[in-house]
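Some notes on the structure that comes next.
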Amino acid sequence: AQSVSQHNHHVILSEAASLELGCNYSYGGTVNLFWYVQYPGQHLQLLLKYFSGDPLVKGIKGFEAEFIKSKFSFNLRKPSVQWSDTAEYFCAVRSNYQLIWGAGTKLIIKP
Amino acid sequence: SQTIHQWPATLVQPVGSPLSLECTVEGTSNPNLYWYRQAAGRGLQLLFYSIGIDQISSEVPQNLSASRPQDRQFILSSKKLLLSDSGFYLCAWSGVGTIYEQFFGPGTRLTVL
């Protein structure tokens with residue numbers, strides 16, 4: 001069965017630092033990949049998604065993710081984080097009608 | 001535009017009492033509907049999903065059940081709550097046109113005492 005692993009459960013960074021959150025999935029072939037974000041007190045919302053085409057995907061708020069098929073990875077990046085990026089980030093991969101979710105990474109940005 | 005509602009927002013129930021959490025979606029037809037439980041450090045655990053009225057799949061054996069009495073209504077129930085049922089419950093929908101991108105409701109914080 002498909003599974004998703006997020007390597008870091010907690011990440012603490014200072015403002016303006018660069019961010020990379022790891023995400024690996026277990027099955028190859030055609031995949032649909034997602035990053036969701038949950039800001040404190042808010043709904044879970046989509047950050048970006050990959051279905052096909054350019055493996056470098058750009059999302060909201062300056063985030064991007066790169067799909068590397070050979071590494072089964074879909075890492076999330078941002079060149080310079082802000083305090084407002086403090087949130088929990090979830091990676092997910094589609095499996096039939098469902099999304100299979102990673103455990104999430106809590107990101108704390110120190111002002 | 002589409003919106004998703006969940007209620008109640010918070011709920012405190014004694015052990016052994018029944019449960020009913022409701023989720024409704026507006027602005028779309030024949031959505032796929034999902035119930036998740038979110039636990040700290042464990043991500044989202046899919047409990048049930050439904051691709052149509054009376055078509056509900058259970059992912060995890062548990063003390064809970066789900067029903068879909070109308071196209072855009074999804075209900076999570078229990079006859080007798082356990083302490084271990086405490087948690088944060090999320091409802092989500094996806095549509096044929098969105099191809100599995102899921103949209104989440106605000107969630108219900110359930111505390112069983």
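Structural remarks
- A:Val31 vs. criteria under 22 Å from B:Ala39 (Cβ atoms), β-branched (Val, Ile, Thr) and open to solvent by less than 30 Å² (accessible area, probe 1.4 Å): no
- Selected residue (only one of A:Tyr89, A:Tyr97 is hydroxyl-bearing (Ser, Thr, Tyr) and open to solvent by 10 Å² or more (accessible area, probe 1.4 Å)): A:Tyr97
- Residue match in region B:38-56 (condition: touching a Pro at 6+ places or on another chain (Cβ under 6 Å), under 12 Å from B:Trp93 (Cβ atoms) and not acidic (Asp, Glu)): no
- Selection status of A:Leu47, in contact (Cβ under 8 Å) with a residue 12 or more places away in the chain and closer than 30 Å to B:Trp7 by Cα: yes
The rows are residues; the columns are (1) under 23 Å from A:Ile100 (Cβ atoms); (2) in a strand (DSSP E or B); (3) more than 14 Å from chain A (Cβ to nearest Cβ).
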site	(1), (2), (3)
B:Gln62	yes, no, yes
B:Lys80	no, no, yes
B:Ala92	yes, yes, no
B:Glu101	yes, no, no
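- Here is the figure for region A:26-71: residues that are of a type in the set (Phe, Trp, Tyr) and within 12 Å of the chain's Cα centre (by Cα) total 6.
- Taken over region A:93-108, the criterion of being at the interface with chain B (Cβ under 8 Å from one of its Cβ atoms) and under 10 Å from the mean Cα position of the chain (by Cα) is satisfied by A:Gly102, A:Gly104.
- Checklist (1) within 20 Å of A:His7 (Cα to Cα); (2) open to solvent by less than 70 Å² (accessible area, probe 1.4 Å); (3) at pLDDT 95 or above; (4) away from chain B (no Cβ under 14 Å) applied to A:Ser84, failing item: (1)
- Residues that are under 22 Å from A:Gln6 (Cβ atoms), outside any strand (DSSP E or B) and not basic (Lys, Arg) within region B:37-55 comprise B:Ala40, B:Gly41, listed in sequence order.
- Subset of region B:68-91 that is at pLDDT below 95 and small (Gly, Ala, Ser) - its residue that is nearest to B:Leu44 (Cα to Cα): B:Gly87
- Contact map, region A:1-25: first residue in contact (Cβ under 8 Å) with a residue 60 or more places away in the chain, second residue in a loop (DSSP other than H, G, I, E, B) and aromatic (Phe, Trp, Tyr), Cβ cut-off under 7 Å, separation 6 or more or different chains; pairs are A:Gln2/A:Tyr27; A:Tyr25/A:Phe72.
- One residue stands out in region A:42-81 among those that are open to solvent by 60 Å² or more (accessible area, probe 1.4 Å) and small (Gly, Ala, Ser): the one that is modelled with the highest pLDDT, namely A:Ser70.
- Selection from region B:12-36 of residues that are outside any loop (DSSP other than H, G, I, E, B), open to solvent by less than 40 Å² (accessible area, probe 1.4 Å) and more than 10 Å from chain A (Cβ to nearest Cβ): B:Leu19, B:Leu21, B:Cys23, B:Thr24, B:Val25, B:Leu33, B:Trp35
- Cβ-Cβ contacts under 9 Å between residues 6 or more apart (or on different chains), taken from a first residue in region B:61-84 that is open to solvent by 40 Å² or more (accessible area, probe 1.4 Å) to a second residue that is assigned to a helix (DSSP H, G or I), are listed as B:Gln62/B:Ser84; B:Gln62/B:Asp85; B:Asn63/B:Ser84; B:Asn63/B:Asp85.
- Within region B:103-113, tally of residues that are part of a strand (DSSP E or B), within 14 Å of chain A (Cβ to nearest Cβ) and either open to solvent by less than 20 Å² (accessible area, probe 1.4 Å) or in contact with an Asp or Glu (Cβ under 8 Å, 6 or more places away or on another chain) (or both): 2
The values are calculated or read from the model by the stated rules, or taken from the named source; none is laboratory data. The shown structure was predicted, so the numbers you read here are calculated from the model rather than taken from an experiment. Cβ coordinates were reconstructed from backbone atoms using ideal geometry, including for glycine residues, and neighbour counts include every protein chain displayed. Keep in mind that these areas ignore ligands, DNA and RNA; they rest on the heavy atoms of the full protein, side chains included. Shrake-Rupley method; radii C 1.70, N 1.55, O 1.52, S 1.80 Å.
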